[in-house]
Each structure stands twice: as structure tokens, then as C-alpha cells.
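Working notes, beginning with the structure itself.
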Amino acid sequence: MTSLVPTENLRAGRRSNRRPALRGYLLLLPPMAWLVIAYLGSMAVLLISAFWSVDSFTGQVVHVTTTGNFGAVFHDSLFRTVTLRTVGVALGVTVIDAVLAVPLALFMAKVAGPTMRIALMVAVTTPLWASYLVKAYAWRGLLAPNGPLDWITGGHSIGYGLPATVITLSYLWLPYMILPVYAAFTRVPHSMWEASADLGATSATTLRRIAAPLAFPGIAAGSIFTFSLSLGDYIAVQIVGGKTQLLGNVIYGQLVTANDQPLAAALSFVPLVVVLVYLFALRATGSLEQESR
Amino acid sequence: MRLSAGFRRFAGAWTVLVLVFLYVPLLFVVLNSFNSSRTFAFPPTGLTLNWWQAAAHNSGAWHALGATAIVGVCAAALALVLGTCAAFALQRYPVWGKQPISLLITMPITLPGIVTGIAMNTTFHSVLGWNLSLLTVIIAHTTFCVVVVFNNVQARLRRTGTNLQEASADLGASGFQTFRWVTFPQLRGALLAGGLLAFALSFDEIVVTEFTAGSTRTLPLWIFDNLFRPNQAPVINVVAAVLTVVAVVPVWIAQRYGDDEA
């Protein structure tokens with residue numbers, strides 16, 4: 001049989017398939033080098049620097065190993081209060097966003113027609129592209145004395161403080177919750193919902209037995225953003241939080257105002273550990289595997 | 001689906017309410033930029049274009065915009081290279097450790113920004129003794145931008161499969177020819193979407209930026225500096241309004257050129 005393609009070309013073309021693992025590792029080299037050096041390296045420095053101390057006379061960081069910073073993080077009641085408050089805010093924001101997102105995502109995925117669905121998709125995504133600062137600033141304006149909310153409520157706006165922080169953070173991260181919940185709902189064929197109705201289930205039963213388990217992996221995926229971003233935020237808190245302090249503000253204060261880098265480093269392990277515990281807890285529910293499929 | 005009419009009405013009304021919640025603050029920002037009152041009392045007593053004129057001549061804002069654009073373009077370009085390499089390696093080659101590698105790529109965006117910020121600040125400033133500058137901001141931003149390119153390219157590679165690449169090789173194309181004429185066109189939408197997302201992520205970032213910028217001002221840092229200064233409020237309002245309106249552009253591009261999956 002005569003080949004239509006010269007054999008040497010065929011071999012040249014196939015050469016790319018030889019020793020595929022090696023080529024894979026060569027491709028991995030630049031991104032891994034970057035992430036290991038710039039990211040993991042920095043994280044290692046952060047961990048090591050948490051064991052340094054500050055000379056009380058000169059205010060300079062001295063490389064003398066001490067566990068005192070972690071001791072302070074554990075034993076200082078202020079840090080404990082702020083940590084609990086921050087975790088509370090992060091969980092509150094996550095719950096609010098889930099409550100706001102689920103009916104909307106269900107409407108987008110199962111009630112709206114194709115055109116309406118695209119329109120809603122655009123409507124939900126656009127605020128995601130608007131600037132973080134602008135959105136937080138918008139709430140500062142809305143809640144301001146003599147601002148619109150004051151005007152509407154006749155001078156009874158909630159003003160700046162913890163509730164304002166929760167509202168603003170919920171507002172900021174809401175699209176991050178809507179999109180994965182919507183994706184979770186669309187991933188399941190219509191027939192499954194139809195089957196539920198065919199088998200005699202009421203709307204309430206379908207929602208409870210079909211929609212809720214489907215929504216959960218989406219909520220879990222979205223909550224990674226709502227929870228983690230809330231936990232580390234200190235900007236929105238400064239803009240609308242009044243006197244409220246969250247973990248981010250305390251860490252920032254230690255680094256910038258108190259000029260105590262080692263204590264700031266030790267403190268920043270609190271949100272880090274909380275997020276990791278949260279991720280492991282989600283992983284244990286199995287919802288993350290489903291989501292990444 | 002046969003959800004009851006009552007539930008459909010409830011979900012529809014809920015959707016409208018959430019959309020109002022999403023858009024009222026943005027509309028308020030735009031309206032406020034025309035408010036003639038310096039303190040922005042509500043409702044506005046009059047409308048004016050004065051603040052827009054003042055903002056157009058504000059050199060601080062323009063400089064900050066320039067710095068933000070440089071950082072965004074550089075970080076997005078680096079992230080495009082690094083993220084695409086990683087996506088190819090994990091999706092097309094039998095490399096070891098795919099799970100931990102994906103985890104490492106995702107970590108910078110999953111863990112709180114303030115942690116990354118302090119870690120990089122300590123590394124660049126205290127350990128390496130570098131001056132914080134645009135360069136350190138670019139390094140920091142690239143690190144958390146890789147993941148969005150990686151996700152977009154990986155999703156596209158998973159969907160397109162390798163049939164066309166194999167056909168191209170069988171027809172005698174070299175590795176480069178296959179990439180140029182087959183693989184790259186398949187990826188174009190994903191690269192555009194990934195690059196755009198990376199740029200937007202960088203453009204808007206403030207926490208990591210604050211810790212790695214030194215005296216350099218990106219636009220978010222400049223806005224934040226001036227946010228609490230009463231006599232700068234009118235200019236901040238205009239910049240905020242511009243950023244709100246400009247946010248429509250990437251959505252429009254994504255709708256036009258991106259794919260539905262992104």
C-alpha cells in the first residue's frame with residue numbers, strides 16, 4: 001500500500017508524542033518555579049519571621065527565635081475576641097449570600113427562558129467587574145449621615161458599624177456565590193426535575209429532595225470565596241465599619257502602625273488556619289470533589 | 001420543570017429584589033458624581049458637570065491609572081504564559097502530582113490576601129532588601145493571576161480533546177505548525193477570557209498591592225488614599241462613576257468573543 005504522506009514527515013509529526021512525561025515536566029518548570037519561589041517561598045519566610053522578635057529599644061526586627069508571638073496570639077483576649085467576631089462575620093456573610101443566591105440561581109436555571117437566562121447572566125456578572133473600592137464606597141455613601149438610607153428611613157439608617165460591614169461584604173461577594181450555585185443547578189438535566197414531579201412530588205418536596213442537595217456543592221464552592229475573602233478583608237471594614245475591628249485590621253495595625261512585623265506574621269496564621277480548616281471541613285462533606293468534576 | 005406557579009412567582013420576585021440590591025449602589029455612585037453638593041447630601045439639590053471637569057485634569061488619578069495599566073498588562077501577560085504551560089502539562093501529559101500542583105496554583109486566590117501581602121512584603125523588603133516598586137507589584141499580581149488563565153485554558157483543553165492535534169501530526173505537520181494552525185486557534189477564546197480576567201483581577205486588587213507597592217500608587221491605592229479626604233470627594237466620585245460604567249466593557253467583550261463555558 002502506498003502512503004499518501006511521506007513517512008519521514010509522519011515520523012516528524014509523531015516525534016512530539018515521544019517521552020510525553022518529560023515534555024510535561026518541561027512545561028511545568030516555569031509555572032512551578034514561579035509559584036514555589038514567589039509564593040511558597042514567601043509563605044515560608046512568613047512562618048519563619050513569626051518566630052523573630054522586635055528589639056524593644058530600637059524597634060528593629062531581630063532574628064532571635066522566640067515562640068512569644070504565637071503565645072500572644074493564643075493568650076491575648078483581644079485577639080480572641082476579634083477572631084471570633086471575624087469568623088462570625090465571615091459565616092454571616094456566607095449565609096446571607098447563600099440565602100440571596102439560591103432562589104435567584106434556581107430562577108435563572110429552571111424558570112427563566114434562554115434569552116432571559118443570558119440577560120440575567122450579564123446582569124449578575126457586570127457588578128463583579130465593577131471595582132471593589134467603588135462598591136464599598138457606594139455603601140459608605142448610601143449609609144452616610146444625610147445619605148439616601150437616612151433620607152428614606154427618616155434619619156434611622158443603621159450608619160457605620162458591624163451590620164454595615166456585614167451588608168457591604170455580602171454585597172461585594174454575592175456574585176461569587178450566585179455563579180457556582182447557578183452552575184450547580186444547570187449541571188443536572190431537566191429530566192431529573194421532571195421525574196420528581198412525575199413521581200408525584202410536590203414543588204416543596206422537589207425543592208427539598210432534588211434542589212437542596214444539588215445546591216449544596218455550589219454553595220460550598222461559592223462559600224470558599226465569601227468566607228475566605230471576608231476573613232481577610234480590612235478595607236471594607238475601614239470604609240463602613242466605624243470602630244469595628246476585624247482580624248485584617250488588627251494584623252494591618254500590628255504591621256503598619258505598631259511596626260511589629262513578627263507579631264503581624266504570627267497573627268496572619270489565624271485566618272490562614274481558619275480557611276484551611278474550613279476547606280478541609282468542606283472536603284470532608286465531599287462537595288468539593290463534585291464541584292470540580 | 002413543574003415547580004408551582006407560586007414558587008415561580010416567589011423566585012421571580014426574589015430575583016428582581018436581588019438585582020435591585022446589586023444595582024442601586026452602582027446607580028447611586030453614578031448619580032453622585034453629578035451631585036452639585038460638596039457633601040453629597042441626598043437627595044441632590046442640583047446637578048453639575050464641574051466634578052467631571054476637575055477629575056479630567058487630576059494628574060494623580062491619571063498617573064495611578066497608568067501604573068495600574070502597566071501592572072495589569074504585565075501580570076496578565078506573565079500569567080498567560082505560566083497558566084497556559086501549567087494547563088497543558090496537567091491536561092495533556094502524564095505528569096506526577098496533578099492534585100498538589102492544582103492546589104498550589106489555586107492557593108494564592110483561595111487564602112486571604114492579607115496573608116499573601118504580608119508574606120511578600122516581608123520577603124521582598126526585609127529578606128531580599130528590594131525597594132518596593134511596580135516590579136514587586138507585578139510579581140505579586142502574577143502569582144494570583146495564574147489561576148484564572150489556568151482554569152480557562154484547562155477547561156478548553158478538556159473540552160476540545162486531542163483528535164485535531166493527532167490528525168494534524170498524521171498529515172505531517174510539525175509540532176510548531178500544529179500549534180500555530182490547530183491548537184492556538186482552538187485556545188484563542190479561552191486565552192482572551194483568561195487574560196481579560198487576570199487583567200481585571202490585577203486592576204482591582206488592593207490588599208496585596210498595598211503591601212507590595214511601597215510608594216507606587218495604583219488606581220485602587222490612589223482612590224483609597226483620597227477616600228477619606230473631604231475636599232477630594234468630588235473627584236473620587238467621578239473616578240468611581242467612570243470605573244462603574246467601564247465595567248460593562250469586559251462583560252461585552254466576554255459575551256462577544258469568549259465562550260459560554262468561561
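The values are calculated or read from the model by the stated rules, or taken from the named source; none is laboratory data. Because the structure is predicted, anything quoted here is derived from the model rather than measured. In this analysis, Cβ positions are derived from the backbone assuming ideal geometry, glycine residues included, and neighbour counts consider all displayed protein chains.
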Inset, instruction - Specify the residue that is farthest from the other protein chains (Cβ to nearest Cβ); the eligible residues are those in segment A:119-148 that are modelled with pLDDT under 90 and over 22 Å from the mean Cα position of the chain (by Cα). - result: A:P145
Legend entry - So B:L82, is it assigned to a helix (DSSP H, G or I), at the interface with chain A (Cβ under 8 Å from one of its Cβ atoms) and without any contact (Cβ under 8 Å) to a residue 24 or more places away in the chain: no
Inset, instruction - Look at A:I219 and say whether it is surrounded by 15 or more Cβ atoms within 10 Å (Cβ to Cβ) and either acidic (D, E) or touching a Gly at 6+ places or on another chain (Cβ under 9 Å) (or both). - result: no
Inset, instruction - Go through segment B:166-202 and give me each residue that's surrounded by fewer than 17 Cβ atoms within 10 Å (Cβ to Cβ) and either touching a strand residue (DSSP E or B) at 6+ places or on another chain (Cβ under 7 Å) or not in a helix (DSSP H, G or I) (or both). - result: B:L171, B:S174
Inset, instruction - Hey, could you check segment A:173-210 for residues that are charged (D, E, K, R) and more than 10 Å from chain B (Cβ to nearest Cβ) and say which is nearest to the chain's Cα centre (by Cα)? - result: A:R187
Legend entry - 2 or more residues out of contact with any Ser or Thr (no Cβ under 9 Å at 6 or more places or on another chain), β-branched (V, I, T) and buried (at least 19 other Cβ atoms within 10 Å of the Cβ): qualifying helices (runs of 4 or more DSSP H) within segment A:60-158: A:77-106, A:114-129
Legend entry - Where a residue in segment A:26-54 is within 7 Å of chain B (Cβ to nearest Cβ) and buried (at least 19 other Cβ atoms within 10 Å of the Cβ) and its partner, wherever it lies, is not charged (D, E, K, R) and not in a helix (DSSP H, G or I), with Cβ under 8 Å and at least six apart: A:L27/B:Y93; A:L28/B:V95; A:L46/A:S268; A:S49/A:V61
Inset, instruction - Considering only segment B:203-259, state which residues are more than 9 Å from chain A (Cβ to nearest Cβ), assigned to a loop (DSSP other than H, G, I, E, B) and either free of Cβ contacts under 8 Å to residues at least 40 places away in the same chain or under 30 Å from A:A38 (Cα atoms) (or both). - result: B:A213, B:G214, B:S215, B:T216, B:R217, B:T218, B:R229
Inset, instruction - Would you check if there is a residue in segment B:87-102 being part of a helix (DSSP H, G or I), more than 28 Å from A:T226 (Cβ to Cβ) and either within 7 Å of another protein chain (Cβ to nearest Cβ) or aliphatic (A, V, I, L, M) (or both)? - result: yes
Legend entry - In segment B:25-38, residue nearest to the chain's Cα centre (by Cα) [restricted to those that are facing chain A (nearest Cβ under 8 Å) and without any contact (Cβ under 8 Å) to a residue 40 or more places away in the chain]: B:P25
Inset, instruction - Could you tell me which of the residues B:I105, B:I138 is buried (at least 16 other Cβ atoms within 10 Å of the Cβ), among the β-branched types (V, I, T) and facing chain A (nearest Cβ under 9 Å)? - result: B:I105
Legend entry - Leading residue by the ranking (surrounded by the fewest Cβ atoms within 10 Å (Cβ to Cβ)) among those in segment A:182-213 that are within 15 Å of A:L104 (Cβ to Cβ) and among the aliphatic types (A, V, I, L, M): A:A183
Inset, instruction - Search segment B:112-135 for residues being out of contact with any Asp or Glu (no Cβ under 9 Å at 6 or more places or on another chain) and facing chain A (nearest Cβ under 7 Å), and hand back the single one that is nearest to B:C85 (Cα to Cα). - result: B:M120
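So that you can scan it fast, the table gives a plain yes or no per residue for (1) part of a helix (DSSP H, G or I); (2) modelled with pLDDT under 95; (3) under 27 Å from B:S102 (Cβ atoms):
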{"residue": "A:S223", "(1), (2), (3)": "yes, no, yes"}
{"residue": "A:L229", "(1), (2), (3)": "yes, yes, yes"}
{"residue": "A:T244", "(1), (2), (3)": "no, yes, no"}
{"residue": "A:N259", "(1), (2), (3)": "no, yes, no"}
{"residue": "A:A281", "(1), (2), (3)": "yes, yes, yes"}
{"residue": "A:A284", "(1), (2), (3)": "yes, yes, yes"}
Inset, instruction - Go through (1) within 30 Å of A:R140 (Cα to Cα); (2) among the aromatic types (F, W, Y); (3) buried (at least 18 other Cβ atoms within 10 Å of the Cβ) and name the single condition B:F88 misses. - result: (1)
